[in-house]
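None of the figures in this text is laboratory data; all of them are computed from the coordinates on show. All figures in this text were calculated on a predicted structure; none of them were measured in a lab. All Cβ positions, glycine included, derive from the backbone under ideal geometry; neighbour counts span all protein chains shown.
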Amino acid sequence: MKLFYLVFAFAAVALLAAALELAAQLHGAAPLRPMAAYIPARPQTAPQMVVLLNSTARVNSTWFVYRVYINGTSGYLYLPLDLRWLYGAPAVEAPAAGIGGAAGRPVEIPIAAVAAPAQPPAPAPRTVAAEALGAASGFLLALSAYSALCRGRACKAGRLRALLYASTSLLAGSAAAALAAGPPMLALGTPGAIGVYRYLAARRRLEAWLNTILT
Amino acid sequence: MAKYDIDVIARILLALLEGPAKRTSLYYRSRLSYPRFLQYLSFLEERGLVAERDGVVMLTERGMKAATELDRIFDEYLDF
C-alpha cells in the first residue's frame, strides 16, 4: 500500500495545485506561473481622437474625407456624411480649401471612444479542459479513497483497484495542473504512471494465473 | 458461466482463506446479487476449489493452495 499512499498524496497535491492556479487565474493573479512567462496586460485607455472639421474635402457626392488625430497620429477618415451637420456648423460646399491648409484655425471635435460592452471574456479552451480534468481527478480520488477504506484479505482486490483509481486521478490532476500552470507540472504525474503500470502488470499476472487454476 | 470476474473470484477465495463461512455471510461479502453469487459458487465447486457442507462453505486443499498463492500475488503488488 506504500505506492497507493504515495500516489494518493501526489494526486491530492496535483489537484490542489490545479485548483489554486485556476482560482488565481479567475481572480487575476497567477502565483504558480513562471515569472518569465507572465506578461502583465497594459492598461487600456480610451484613444484620443480629434476630427478637424475645417480639413474636410469632398471626394464625390456622398463621401467626405476628414483629417483626424488619433493619439497624436494623423490620418484621414472617409465618411459618407458631412460631420458639420451633426455639430450645427453651416454646410459649406467649399471643401477644396480644407485639407492641407484651410484658412483660419480648424474646428476641432474631440470624439470619445465608445466603450466596449461589459461582457465577461469567454473562458479559454485550455481553462475549460483543465477544469474538466480537475473534476475527473477529484471524482477518481474520492472513488479510490472509497475503494481503499475496506479492510481484510477479501478487500485486496478492491485495494488494487483503488491504486488504479488513484493513479488515474494523479495523471488527470497533473494534466490539469500542466494546462493551468505550465508543462513542468506534468512531472507530478510520474508516480501515477508507475501505479498504472503496476496495476496492469498485476492484472495480467492474475489473469494468467487464474486461467491455469480455473480451466 | 461464460465470463467470470477476477475481482469477485479473488474476493470469495480470500474471504474463505480467513476461515469457513456460511453461505449467507459469503454472499454479503461477495457484493453480488444472490443468483449471480450462486453461479460463482457452483463454478468454483465444479473446479474443486470450494466445498459446501451443511450450509458452510470452505476451501478444499486445492482451493487453499490457490487462495494462498492469490494472497501472495496481491501482497507482492500492493506492498511496493
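General remarks:
- J(HN,Hα) series, the stretch B:15-30, from Karplus relation 6.51 cos²θ - 1.76 cosθ + 1.60, nearest Hz, glycine and proline x: 5, 6, 5, 6, x, x, 9, 5, 4, 5, 4, 5, 4, 5, 6, 7
- Close amide H partners of B:Thr60, meaning residues 5 or more places away or on another chain with modelled amide H under 5 Å apart, are B:Val50, B:Ala51.
- Nearest-0.05 FRET efficiency for A:Arg126 and A:Ser74, computed from C-beta distance (R0 45 Å): 0.65
- Cβ-based exposure ranking for B:Ile6, B:Ile12, in which fewest neighbours within 10 Å come first: B:Ile6, B:Ile12
- Shielding value for B:9-15 is 5, the average number of Cβ atoms from other chains within 10 Å of each residue's Cβ.
- Partner chain coverage, peptide A:145-153 - average Cβ within 10 angstrom: 2
- Panel values: the stretch B:6-75, Kirkwood radius from alpha carbon pairs, Stokes-Einstein at 4 °C and 1.567 mPa s, translational diffusion coefficient 110 µm²/s.
- Packing here is the average count of other Cβ atoms within 10 Å per residue, and on that basis the peptides B:15-24, A:163-172, highest first, run A:163-172, B:15-24.
- For the stretch B:18-80: relative contact order, % (alpha-carbon pairs under 8 angstrom, 6 or more apart): 30
- For A:Cys150, A:Cys155, the sequence from fewest to most other C-beta atoms within 10 Å is A:Cys150, A:Cys155.
- In terms of packing, defined here as the mean over residues of other Cβ atoms within 10 angstrom, the peptides A:200-212, A:181-193 line up highest first as A:181-193, A:200-212.
- Crossing angle, helix B:34-46 versus chain B [Cα axis fit, 0-90 degrees, rounded to tens]: 70
- Debye log10 I(q)/I(0) at q = 0.13, 0.18, 0.25 Å⁻¹ for the stretch A:123-215, Cα point scatterers: -0.53, -0.82, -1.16
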